[in-house]
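First the structure, in the form of structure tokens, and then the observations on it.
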Amino acid sequence: MRKFLVLSSLFTLLLYPETFHSIQIDGENDFSPDEAVVIDDANDSYWSSQNELDTLFLTWNAETLFIGCSYTLNNNALLIFLDTETGGIDNANGLDWYPRDVRFSGAKPDFLVALWNCDLSLGGVRKLGENTSPVSYRGINSGSPGEKNFLEVAIPFELLGNPQKISLTALICGGDYAGAGDVMPDDPSVRGSGNAIINIFREITIDGDGDGVPDSLIAPVDVSKTEEYKVSFPEFKSVFINPSIAQTGPVAIHVELTDTATLTVALFTEEGRFLKNVIEGVRTDFIEYSWDIHDLDKGIYILKFYTSENRGMLKKAFVRY
Ligand SMILES: [Ca+2]
Ligand SMILES: [Ca+2]
Ligand SMILES: [Ca+2]
Ligand SMILES: [Ca+2]
């Protein structure tokens, strides 16, 4: 009898890997709690309870990845970005489909699941790149604007390139080129307006032993972790004005950055009144600029050095005598 039991459970294991979970794509949430890979605060949207992300679900069987999302949306877009392989995009503002003012640091998404105002027929799944291309999927969204919605999507692993790991971020964004009002996992760069740089992703290991087959007999929450990538901005390496006290020019403005950035050098009076940009929005990591000071009145000036990529600013004094 015991032998029979062992044999029969082995038989079941081999033929029916029990935790390969196939989701019914019907708009009814049949994901289990151990497939809730991101549980977001139900009340953390910058755009009211009408635009709230709740929970992101993920599971799979041998051939198919299933994504579920519960959320509320009113006249905005839901976007779920998937990073599955090296390469991908780091700026969603440049997309030809669902462009949004969202950048990425660390992970570079390769696929996007998107819909507008609870209507999946206005969205779908696309591979991201210079030009986006539609990916076949099965999906349904149940619910209507301003109410609780549930999105279910099934995508064949083959079309996703059979990833070993997937990193995810989901956002509620406004219309084309608009920013985000809620994100999961939470990322402090989403503030309800302005551009966001997402550097926090949920990473789920699909094929942990790397045998090319998605892992069975595991709970997706057990193989999920939140990855926070460091956002690195170009910084000033060396900045000087030579000479910094001068009667005639030219004066050399020397700027070296740790990485290429959009540099501006602005001239202010000693009292802090803006006069003009000496260098305006130049893409560079090194510049030795020859500054003509012949039309500058005698006095003390402040030069402010900053880049559009970094909020830090450097100030240097200059005296014309
Ligand atoms: Ca279902
Ligand atoms: Ca939320
Ligand atoms: Ca990628
Ligand atoms: Ca959130």
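Within the range 84-103, can you find the residues that are surrounded by fewer than 18 Cβ atoms within 10 Å (Cβ to Cβ) and touching a Leu at 6+ places or on another chain (Cβ under 9 Å)? Result: GLU85, TRP97.
Please determine, by comparing only the residues of the range 53-85 that are more than 15 Å from LEU112 (Cβ to Cβ) and in a loop (DSSP other than H, G, I, E, B), which one is farthest from ligand 1 (Cβ to nearest atom). The qualifying residue farthest from ligand 1 (Cβ to nearest atom) is ASN75. Considering (1) polar (S, T, N, Q); (2) free of Cβ contacts under 8 Å to residues at least 60 places away in the same chain; (3) within 11 Å of LEU112 (Cβ to Cβ); (4) in contact with a Pro (Cβ under 8 Å, 6 or more places away or on another chain), the lone condition that THR132 does not fulfil carries the number (4).
Let's see how each residue does on (1) surrounded by 14 or more Cβ atoms within 10 Å (Cβ to Cβ); (2) part of a strand (DSSP E or B); (3) of a type in the set (Asp, Glu):
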{"site": "GLY208", "(1), (2), (3)": "no, no, no"}
{"site": "ILE218", "(1), (2), (3)": "yes, no, no"}
{"site": "GLU227", "(1), (2), (3)": "yes, yes, yes"}
{"site": "PHE268", "(1), (2), (3)": "yes, yes, no"}
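Please go through the range 105-136 and give me each residue that is within 28 Å of GLN50 (Cα to Cα) and more than 19 Å from the chain's Cα centre (by Cα), ordered by number. Answer for the range 105-136, where residues must be within 28 Å of GLN50 (Cα to Cα) and more than 19 Å from the chain's Cα centre (by Cα): ASN117, CYS118, ASP119, LEU120, SER121, LEU122.
When you check GLY106 against the structure, is it assigned to a loop (DSSP other than H, G, I, E, B), crowded, with 16+ Cβ neighbours inside 10 Å and modelled with pLDDT under 95, yes or no? For GLY106, the condition - assigned to a loop (DSSP other than H, G, I, E, B), crowded, with 16+ Cβ neighbours inside 10 Å and modelled with pLDDT under 95 - is met.
Every residue, every condition in (1) at pLDDT 95 or above; (2) part of a strand (DSSP E or B); (3) of a type outside the set (Val, Ile, Thr); (4) exposed (fewer than 12 other Cβ atoms within 10 Å of the Cβ), yes or no:
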| site | (1), (2), (3), (4) |
| --- | --- |
| VAL231 | no, no, no, no |
| GLY249 | no, no, yes, no |
| HIS254 | yes, yes, yes, no |
| VAL278 | yes, yes, no, no |
| GLY281 | no, yes, yes, yes |
| ILE302 | yes, yes, no, no |
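In contact with a Leu (Cβ under 6 Å, 6 or more places away or on another chain) and within 16 Å of ligand 3 (Cβ to nearest atom), is that true of ILE198?
On the way: in contact with a Leu (Cβ under 6 Å, 6 or more places away or on another chain): no; within 16 Å of ligand 3 (Cβ to nearest atom): yes.
For ILE198, the condition - in contact with a Leu (Cβ under 6 Å, 6 or more places away or on another chain) and within 16 Å of ligand 3 (Cβ to nearest atom) - is not met.
All conditions but one from (1) touching an Asp or Glu at 6+ places or on another chain (Cβ under 8 Å); (2) away from ligand 3 (no atom under 16 Å from the Cβ) apply to LYS230; the one that does not is (1). The residue of the range 22-52 that is farthest from GLU147 (Cα to Cα), among those that are in a loop (DSSP other than H, G, I, E, B) and of a type in the set (A, V, I, L, M), is ILE23.
The values are calculated or read from the model by the stated rules, or taken from the named source; none is laboratory data. Fair warning: this is a prediction, and the values are worked out from it, not measured in the lab. Note: ideal-geometry Cβ built from the backbone for every residue, glycine included; neighbour counts use all protein chains shown.
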